[in-house]
Amino acid sequence: MAEGTFLHADLDSFYASVAQRDDPSLRGRPVVVGGGIVLAASYEAKACGVRTAMSGRIARRLCPDLVEVPATFTAYVEASRAVFEVFRDITPVVEGISIDEAFLDVGGLARLSGAPSRIGAELRRRVKAEVGLPISVGIASSKFLAKVASAASKPDGLLSVPVGGELDFLHPLPIEALWGVGKVTSVRLHDRGIATVGALARLSPETLTSIVGPASGRHLHALSHGLDPRRVETGRRRRSIGAQRAIGRGRHTGEELDATLVSLVDRVTRRMRSGERIGRTFVLRLRFDDMTRVTRSRTVRRATAGTDAWLVAGRALLDEAMPLIVDRGVTLIGISITGLDEAEDEQLELPFDTDAPTRLDGALDAVRDKFGSTAVTRAVLLGRSEGFSAPQLDSH
Ligand SMILES: [Mg+2]
């Protein structure tokens, strides 16, 4: 059956999942983030009835084993950035809604990456492997339905509403599933015996308007018939492009670290070239066994999108950081290239001798676009599957 092309991707219990990711002793236990007021609750805590925005006192009463942890906003920002890098690696058409959710339109990708539900499954696999967090994905023919579908799929799920099956999915749901049905509207509708989206859809626009007012009436009438014409809005152009990879605890050989760096540089520069961007500064981010982090950067003389130029910069930074890596043990390598500019600026000052590697990069990109990203692999990566990254952060 045909699928919609709108994806809504939403991290599950984001703050609490980060806490459980970073402290294995919290996994499988009811965890809330925040003391006075619950900012986020793990699914174990939700199972006891704990909810976001509840007071900590009530939460403790509901759940005697509750573990309360403080918020760690720098970790949330870092995780969010990494998740959005995965989104943007999948499609350039990404609209961020908040720190932990976004709409993606994968309409243009069908030939390259397969059906939307396959793309959604791949997104979930990558966020789990590369960032260590569970994420739910809803797929539908409109943004509104995709968001309802992701909520219905939670936790850690994927739900695709087939084209033509929108109303079968939507009509049994409670009216509170509709955007714009707050407390007041909900009470007014329930007073008239209207509890489901289907019952609301059967009202004439005039009757609905007489209950909830003209603006809300038009809006709810359209939504209840599955009508939501909004597109995915991508906003302004980005100033940096990055990628990261968790490599698990334990010792890593220099070759492993280098192969990870090479694949990250390859991925990021490929995205720069496909977006016709060039960059000026290479940023290397490392996370260590003890959860400390360092950032190192290097700026090149001439902006470029060439893989080899950035690999030189990245290797130099990695070498410089080697004493720290040996000392503390590295668990995550991230890179980003910043100071982005439009690629047309490069052409003017590009000397002939550096043209060759850029042309080679372009040729590799073309083959991958046609045959998939594993069709051509730089020599250092041979023998490693895409899943090489994957000592996962989560052990369950
Ligand atoms: Mg969320």
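The values are calculated or read from the model by the stated rules, or taken from the named source; none is laboratory data. The structure displayed is predicted, hence computed values, not measured ones. Note that each Cβ is placed from the backbone with ideal geometry, even for glycine, and that neighbours are counted across all protein chains shown.
Listed values, structure above:
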item	result
Tally, over the range 172-201, of residues that are more than 33 Å from the chain's Cα centre (by Cα), surrounded by 13 or more Cβ atoms within 10 Å (Cβ to Cβ) and not in a helix (DSSP H, G or I)	3
Long-range neighbours under 9 Å by Cβ, at least six apart or interchain, first residue among the acidic types (Asp, Glu) within the range 145-157, second not in a helix (DSSP H, G or I)	156/12; 156/134; 156/135; 156/136
Test: residue in the range 312-329 that is of a type outside the set (S, T, N, Q), at pLDDT 90 or above, at positive phi and not in a strand (DSSP E or B)	yes
Test: residue in the range 63-81 that is polar (S, T, N, Q), away from the ligand (no atom under 16 Å from the Cβ) and within 20 Å of the chain's Cα centre (by Cα)	yes
Test: residue in the range 157-166 that is more than 16 Å from the ligand (Cβ to nearest atom), at pLDDT below 95 and out of contact with any strand residue (DSSP E or B) (no Cβ under 9 Å at 6 or more places or on another chain)	yes
Test: residue in the range 32-42 that is β-branched (Val, Ile, Thr), at pLDDT below 95, more than 24 Å from the chain's Cα centre (by Cα) and over 28 Å from residue 245 (Cα atoms)	yes
Any hit, the range 143-159, residues being of a type in the set (Val, Ile, Thr), crowded, with 23+ Cβ neighbours inside 10 Å and closer than 27 Å to residue 215 by Cα	yes
Residue tally, condition touching a strand residue (DSSP E or B) at 6+ places or on another chain (Cβ under 7 Å) and within 16 Å of the ligand (Cβ to nearest atom), over the range 82-107	13
Subset of the range 294-311 (residues that are under 17 Å from residue 257 (Cβ atoms) and exposed (fewer than 14 other Cβ atoms within 10 Å of the Cβ))	295
Extreme residue, farthest from the chain's Cα centre (by Cα), among residues of the range 277-332 that are within 25 Å of residue 132 (Cα to Cα) and among the charged types (D, E, K, R)	327
Residues of the range 238-281 classified as within 15 Å of residue 331 (Cα to Cα) and among the basic types (Lys, Arg), total	3
Failed item in (1) within 15 Å of the ligand (Cβ to nearest atom); (2) under 19 Å from residue 156 (Cβ atoms); (3) surrounded by fewer than 19 Cβ atoms within 10 Å (Cβ to Cβ), with residue 135 passing the rest	(3)
Residue that is nearest to the ligand (Cβ to nearest atom), among those in the range 1-34 that are in a loop (DSSP other than H, G, I, E, B) and in contact with a Pro (Cβ under 7 Å, 6 or more places away or on another chain)	12
Any hit, the range 236-243, residues being assigned to a helix (DSSP H, G or I), touching a Gly at 6+ places or on another chain (Cβ under 9 Å) and crowded, with 17+ Cβ neighbours inside 10 Å	no
In the range 47-75, the residues that are surrounded by fewer than 20 Cβ atoms within 10 Å (Cβ to Cβ), in contact (Cβ under 8 Å) with a residue 12 or more places away in the chain and in a helix (DSSP H, G or I)	47, 56, 62, 75
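Conditions tested, residue by residue: (1) within 21 Å of residue 78 (Cβ to Cβ); (2) in contact with a helix residue (DSSP H, G or I) (Cβ under 9 Å, 6 or more places away or on another chain); (3) within 16 Å of the ligand (Cβ to nearest atom); (4) not in a helix (DSSP H, G or I).
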{"position": "109", "(1), (2), (3), (4)": "no, yes, no, no"}
{"position": "123", "(1), (2), (3), (4)": "yes, yes, yes, no"}
{"position": "127", "(1), (2), (3), (4)": "yes, yes, yes, no"}
{"position": "145", "(1), (2), (3), (4)": "no, yes, no, no"}
{"position": "148", "(1), (2), (3), (4)": "no, yes, yes, no"}
